[in-house]
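To start, the structure under review is shown below, and the notes come after it.
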Amino acid sequence: MVAATETMDNTVRDFQKLKTSLHRQMVDVIDFNKADDLSETDLRGQLRSLADYLCTRQSLHLDTQQREAMVGEIMDEIYGFGPIESLMVDPQVTDILINGPDRVLVERKGVLETTNIRFADEKHLMQFIHRLVGRAGRRIDESSPIVDARLPDGSRFNAVIPPLALCGPTVSIRRFGNRRLQMEDMISHGSLAPAMADFLILAIRGRMNMIISGGTGAGKTTLLNCMSRFIPDAQRVVTIEETAELSLQQTDVIPLETRLPNLEGKGAVTQRDLLRNALRMRPDRIILGESRGGEVLDMLQAMNTGHDGSMSTVHANDTRETLDRLELMIALAGVDLPSRIARQYITNAIDIVIHVTRLHTGERRILRISEVSGLKDGEYCMDDIFVYRINGVDKNGHPAGSFFATGYQPIALRRLALTGADIEQYKPLFEARELKMTKD
């Protein structure tokens, strides 16, 4: 079994080496001065004919099927994503992880799988990285061995190369499908109950300030995208991200993205810079893709000064820990605030904290929706509105659990009165009970 696997790996690697060799031959033959005068369609046609000609030479001994596969992959090397082209067009693939030239993994439905895809060698993988980094307008080399960029199709691309990556060049691609998930999709996937979705919609319309917490890949940005759909179309929204991932559906959305320093170390624009400028852009709401440093202080200031309904995400393990993380990030802003003042600032700004997690099976769940109700004896007062409780595992090994309403009615619900809504009609939403997974 091991010998068969090694033979298959060697076959794949030899195929990639042959393809790389043909690709280099094509580059040597092409007259780029004349290529500039051709349309993209004509250029593609000539390149395909050249690739087909090189593959038909007797010395290569390729049958018709192998030749077609070779021509297709050479075209992918020029115009597409090389060896991983098939993964980039697979709608079920959410993450592609390349750990050196000989190991490519994918995530499907939250579960990692190994593939038989190989790069010819480390040089081939580096060429692939440089090509994608160039498309994104970034650079990567030994002096700058880490890059985080957004590809033209919206995917998030991260690469680390030697000397930092000891196993060889490493690539992580987070893919976002052509169709964005809606709140209805999250309900059907069991990520939350309909009553919880109803509350989140109320919270958005009531302009409550919200933080979504969770680990990497838990679905924070996905949930933020779903929730943003319910922001009234007439409101002006400014989004701020290091690498743009949000895709809001309103007409008046101003997306801002940070900028890295140039070769001289100048020209960097941080999230904090963009946040300060956003306050001059007359936003109704500000959405900060991820709070991870001193910019959280400016975010809290915006929430405290009339930009109600603002949202952000934070890496944290629980709703209560989220507030501790915010307190730590205030310290990173270089402002020497006493702990009591910092906590008061946070409780005045944040209304709702939502914690999402990814279970070991890859399924996403909203574990807790809590309200920050104030301070008592210097400690945060948080009350759970909805929770998810795991009861065990089913016969397939999947976690078995249920969503519950705790019976707590959020104080921030009063804001709905400002929209002319009758608060009394929503009170049954919070009655203590196990929540149904379907609408009545």
* To do: Looking only at region 289-308, decide whether some residue is open to solvent by 60 Å² or more (accessible area, probe 1.4 Å) and modelled with pLDDT of 90 or more.
  => no
* Asked: Across region 325-341, what is the total count of residues that are surrounded by 14 or more Cβ atoms within 10 Å (Cβ to Cβ) and either among the charged types (D, E, K, R) or in contact (Cβ under 8 Å) with a residue 12 or more places away in the chain (or both)?
  -> 6
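Could you count how many residues in region 296-328 are in a strand (DSSP E or B) and either farther than 21 Å from T357 by Cβ or not hydroxyl-bearing (S, T, Y) (or both)? Before you say what the answer is, go through the steps one by one.
Filtering region 296-328 for residues in a strand (DSSP E or B) gives 311-315.
Those still in the list that are either farther than 21 Å from T357 by Cβ or not hydroxyl-bearing (S, T, Y) (or both) too: 311, 314-315.
Within region 296-328, residues that are in a strand (DSSP E or B) and either farther than 21 Å from T357 by Cβ or not hydroxyl-bearing (S, T, Y) (or both) number 3.
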* Qualifying positions in region 389-437 - modelled with pLDDT of 80 or more, over 19 Å from S370 (Cα atoms) and open to solvent by 80 Å² or more (accessible area, probe 1.4 Å) -> N391, E424, Q425, K436
* Asked: Are any of the residues in region 329-345 of a type outside the set (S, T, Y), closer than 26 Å to V387 by Cα and assigned to a helix (DSSP H, G or I)?
  -> yes
* Asked: Would it be correct to say that L367 is without any contact (Cβ under 8 Å) to a residue 60 or more places away in the chain and outside any strand (DSSP E or B)?
  -> no
* Asked: Taking region 178-200, which residues are of a type in the set (A, V, I, L, M, F, W, C) and farther than 19 Å from T406 by Cβ?
  -> L181, M183, M186, I187
* Assess whether G374 counts as being part of a strand (DSSP E or B), open to solvent by less than 30 Å² (accessible area, probe 1.4 Å) and not polar (S, T, N, Q). => yes
* To do: Please work out which one of (1) within 20 Å of G110 (Cα to Cα); (2) open to solvent by 70 Å² or more (accessible area, probe 1.4 Å); (3) part of a loop (DSSP other than H, G, I, E, B) is the condition L166 fails and give its number.
  => (1)
* Please go through region 102-139 and pick out each residue that is among the β-branched types (V, I, T), more than 21 Å from the chain's Cα centre (by Cα) and either over 14 Å from I84 (Cα atoms) or open to solvent by 50 Å² or more (accessible area, probe 1.4 Å) (or both). => T114
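Conditions tested, residue by residue: (1) over 18 Å from L166 (Cβ atoms); (2) outside any loop (DSSP other than H, G, I, E, B); (3) in contact with a Cys (Cβ under 8 Å, 6 or more places away or on another chain).
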| residue | (1), (2), (3) |
| --- | --- |
| P91 | yes, no, no |
| T94 | yes, yes, no |
| I98 | no, yes, no |
| D102 | no, no, no |
| E107 | yes, yes, no |
| E113 | yes, yes, no |
| F119 | no, no, no |
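The values are calculated or read from the model by the stated rules, or taken from the named source; none is laboratory data. Note that this is a predicted model, so its numbers are computed, not measured. With ideal geometry, Cβ positions are generated from the backbone for all residues, glycine too; neighbour counts draw on all protein chains shown. Accessible surface areas use protein heavy atoms only, side chains included; no ligands, DNA or RNA. Shrake-Rupley method; radii C 1.70, N 1.55, O 1.52, S 1.80 Å.
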